[in-house]
Amino acid sequence: MTAPSVTARMRADEVCAADLAIMLADLAAAGADLARMSGRRLLITGGAGFLGYYLVQLPLAWNDLNPGAPPIAVTVFDNYIRGVPPWLDRLAQRDDVTLRPHDVREPLPDDMGDVAYVIHAAGIASPTYYRAHPIETMDANITGLRNLLDYAASRLAAGARFDGMLFFSSSEIYGDPDPAAIPTPETYRGFVSCTGPRACYDESKRFGETLCVNFAQQFGVPARMARPFNNYGPGMKITDGRVIADLCRDALAGRDLVLRSDGTPRRTFCYVSDAVTGYYLALLKGGDGEPYNVGIDGPEISMLELATAIAHVTRELTGRQLAVTHQPSPESAYLVDNPNRRCPDIGKLRALGYRPRVGLEEGLRRTLQWYAGNPGGTEQ
């Protein structure tokens, strides 16, 4: 399969179609063709969220390209607390998709069917929202994960087939790394507060990884852990509260871009098509009980440089000249325990065939084009 290029100006549906084609091509090139999931059931928890947008659509795109093969059956669990997003509601008409309202904090339903793969992406990832809902955040990352691990272990104990689980951990488990540990490898143990305003998220992700490791060791559950580093792009609600969504909302409204910090914290940003390719690679080729950083290893840029890049792409696409301003967040805990730097060592995932390809300006261009085709983020 030849991956298409992305032109300077594309409609939102064209951005999505091009991204899906690129992901399928990159997975096939890395020896992780989704054909190995053919005829199996994949459960995606939290499928109505940001990463669910491409996590759900990617196996369906494979089905569409391979009509003669047994399809990958996709089941989506979500509590749909904010409703079923329109893109997912449209997919519900397909025979290869099952949408089930279910909160992973509750016991799993008895009629799940023969699930062979699980991607556990349910939970709150935006700091604005997990600080407001700390107990719910911990329960999804611990109780929800335990429910799924117990299910996988019971299937294996019964002699049934279970091929893989991917738990969405976080780069936040590293806390604020020592400068000597940047780029940060999976072996770094972290520098994390267990009582601060981010602890509900950071510590529950750390404990979730401990659960995965021990279920892999004791019961042979093929669980892997993904540690995302600042993903962005199609699927993220423009009201998400993370920095790129906030800046894109300003840009599309034609107002100056507002930074809630002094602009000095540094990050690497990974466009979502590269990230989702990495997640499926970890699921299909990763080692049992192993963590994988998923992101890009450079360039590391400041928040001011990020805002400037968004202003540049906005001017290219719309002709608007926007300035970058600084205003403190109304949230008193907004910057408490906020890491100064975040940059992954992705050598471990590269060894599985991971080759991120989307640069920052191209990723921001695709993101703004996609947002522009989904006014207010309602189509996300």
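Values quoted throughout were computed directly from the atomic coordinates according to the rules given, and no laboratory measurement underlies them. For clarity, every value in this text was computed on a predicted model and none was experimentally measured. In this analysis, Cβ positions are derived from the backbone assuming ideal geometry, glycine residues included, and neighbour counts consider all displayed protein chains.
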Compare the peptides 157-165, 347-355 by average per-residue count of other Cβ atoms within 10 angstrom and give them in order, highest first.
347-355, 157-165
Nearby lysines by direct alpha-carbon distance to Lys348 (threshold 23 angstrom, same-chain neighbours under 8 apart not counted):
Lys205, Lys285
Modelled FRET efficiency - R0 22 Å, Asp89 with Thr143, Cβ distances, 0.05 increments
0.20
How large are Rg and Dmax for the stretch 1-119 when calculated on the C-alpha trace, in angstrom?
14.9, 49
For the chain, what is the percent of antiparallel DSSP beta bridges, rounded to the nearest 5?
5 percent
Rounded to the nearest 0.05, what FRET efficiency do Asp96 and Asp288 have when you use their Cβ-Cβ distance and R0 = 35 Å?
0.80
Evaluate the distance, in nm, between pseudo-label points positioned 7 Å from the Cα of Asp64 and of Ser38 along their respective Cα→Cβ axes.
1.9 nm
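Where the convex hull is taken over the Cα atoms of the chain, what is its projected area averaged over directions, in nm²?
About 17.3 nm², averaged over all directions.
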In nanometres, what is the gap between the two model label sites at His133 and Arg350, each 7 Å from Cα along Cα-to-Cβ?
3.8 nm
Taking the Cβ of Glu136 as the centre, find all other residues whose Cβ is under 13 Å away and add up their charges (Lys, Arg: +1; Asp, Glu: -1).
-1
Candidate cut points under trypsin sites (Lys or Arg not before Pro) in the stretch 225-322, DSSP loop plus at most 14 other Cβ atoms within 10 Å of their own Cβ, are Arg255, Arg320
Protection proxy (average C-beta count within 10 Å per residue), highest first, orders 32-42, 268-278, 118-128 as 268-278, 118-128, 32-42
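Quick one: grab the alpha carbon gyration tensor of the stretch 75-176, order the square roots of its eigenvalues as a ≥ b ≥ c, and give me rounded if a/c is under 1.5, else prolate or oblate depending on whether a/b is larger than b/c.
Working: a/c = 1.95, a/b = 1.19, b/c = 1.64.
In terms of gyration-tensor shape, oblate.
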